[in-house]
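The values are calculated or read from the model by the stated rules, or taken from the named source; none is laboratory data. Predicted, not measured: the structure shown is a model, and the values here were computed from it. Using ideal geometry, Cβ is built from the backbone for each residue, glycine included, and neighbour counts are taken over all protein chains shown. The protein model used for the area step is the full one, side chains on, heavy atoms only, and it has no ligands, DNA or RNA in it. Shrake-Rupley method; radii C 1.70, N 1.55, O 1.52, S 1.80 Å.
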Amino acid sequence: MLFILRRNKGIMNLKLNLTNPDQPDFDQVYALYQQAFPVDELYPTDLLFGHFNDPNNEFWSIYDDEKWVGLVYCMTENDLTYIGFLAIAPELRGEGYGSAALATVKEKYLTNRVCLLIEEVSPKYADYEARKKRFSFYQANGFQSAGFKIAELDVHYDFLVATGQSLTSDEYLSLINHYCGQDYAKVVNSHVID
């Protein structure tokens, strides 16, 4: 998968490479995954690692030519692809890689409805301004509210879907509960909130 983006400083040639614990880049991918997300949002290790041979769940390393820039983890069920995790290496943030990665994922899953969760945007949170900025980033990159909110692992999220697409909360809950399996579905406790 190759996505070419022209920037002021040159051309960005993003590609997605599947990774797993047997790949040489996996240690840096997994370290970024652990560093980039709050502990209460990370999936249990055995749940995450248990899906490396499942063709509906893909852990991608993101490269710009040969330079490793980040990761994206996607889960698919039918025509729905959920971006579970997307992170750019800290030293490369602010250079357009996040936007390019989202465009690459949407291109890769072109025939699917692409969706994701972001931490709930509400003034009740101390980091409200950061959450608003994150939401604006996703809006600028072609995502809109799906019209419902989700709670998982006691964290509240706004649910976003690619602009012009739609989905129901039941479709997402089917995907995440299938991914988690019977035991972890109880732990993750994914459900719609007001």
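The set of residues in the range 172-182 that are of a type outside the set (Ser, Thr, Tyr) and either within 13 Å of Tyr43 (Cα to Cα) or in contact with a helix residue (DSSP H, G or I) (Cβ under 7 Å, 6 or more places away or on another chain) (or both) comprises Ile176, Asn177, Cys180, Gly181. Please verify whether Glu119 is on the phi < 0 side of the Ramachandran plot, of a type in the set (D, E, K, R), touching a helix residue (DSSP H, G or I) at 6+ places or on another chain (Cβ under 7 Å) and open to solvent by less than 20 Å² (accessible area, probe 1.4 Å), treating the condition exactly as stated. Against the criterion (on the phi < 0 side of the Ramachandran plot, of a type in the set (D, E, K, R), touching a helix residue (DSSP H, G or I) at 6+ places or on another chain (Cβ under 7 Å) and open to solvent by less than 20 Å² (accessible area, probe 1.4 Å)), Glu119 does not qualify. Any residue that is more than 22 Å from Ser190 (Cα to Cα) and charged (D, E, K, R) - is there at least one of those in the range 33-45? Within the range 33-45 (the criterion being more than 22 Å from Ser190 (Cα to Cα) and charged (D, E, K, R)), the answer is no, since none of the residues qualifies.
Of all residues in the range 142-164, which are open to solvent by 30 Å² or more (accessible area, probe 1.4 Å), modelled with pLDDT of 95 or more and either within 21 Å of Thr104 (Cβ to Cβ) or among the polar types (S, T, N, Q) (or both)? If the condition is that a residue be open to solvent by 30 Å² or more (accessible area, probe 1.4 Å), modelled with pLDDT of 95 or more and either within 21 Å of Thr104 (Cβ to Cβ) or among the polar types (S, T, N, Q) (or both), then Gln144, Ser145 are the ones that fit. Scanning the range 85-99 for residues that are farther than 23 Å from Phe159 by Cβ and either open to solvent by less than 60 Å² (accessible area, probe 1.4 Å) or touching a His at 6+ places or on another chain (Cβ under 9 Å) (or both) yields Ala89, Leu92, Gly96, Tyr97.
All of (1) open to solvent by 30 Å² or more (accessible area, probe 1.4 Å); (2) under 24 Å from Ser169 (Cα atoms); (3) not polar (S, T, N, Q) hold for Tyr82 with one exception: (1). Would you check if Asn78 is under 15 Å from the mean Cα position of the chain (by Cα) and of a type in the set (S, T, N, Q)? Judged against the criteria, Asn78 is not a match.
Going through (1) open to solvent by 20 Å² or more (accessible area, probe 1.4 Å); (2) more than 12 Å from the chain's Cα centre (by Cα); (3) touching a residue at least 40 places away in the same chain (Cβ under 8 Å) one by one, Asp127 falls short only on (3). When you scan the range 123-135, do you find a residue that is touching a strand residue (DSSP E or B) at 6+ places or on another chain (Cβ under 9 Å), part of a loop (DSSP other than H, G, I, E, B) and farther than 21 Å from Val39 by Cβ, even just one? The answer is no; no qualifying residue exists. Tell me which residues, restricted to the range 149-187, are touching a residue at least 40 places away in the same chain (Cβ under 8 Å), within 23 Å of Leu102 (Cβ to Cβ) and in a helix (DSSP H, G or I). Result: Glu171, Tyr172, Leu175, Ile176, Tyr179.
Taking each residue of the range 24-42 that is within 14 Å of Trp68 (Cβ to Cβ) and looking for partners that are part of a helix (DSSP H, G or I) and open to solvent by 50 Å² or more (accessible area, probe 1.4 Å) with beta-carbon atoms closer than 6 Å, six or more apart or interchain, yields nothing.
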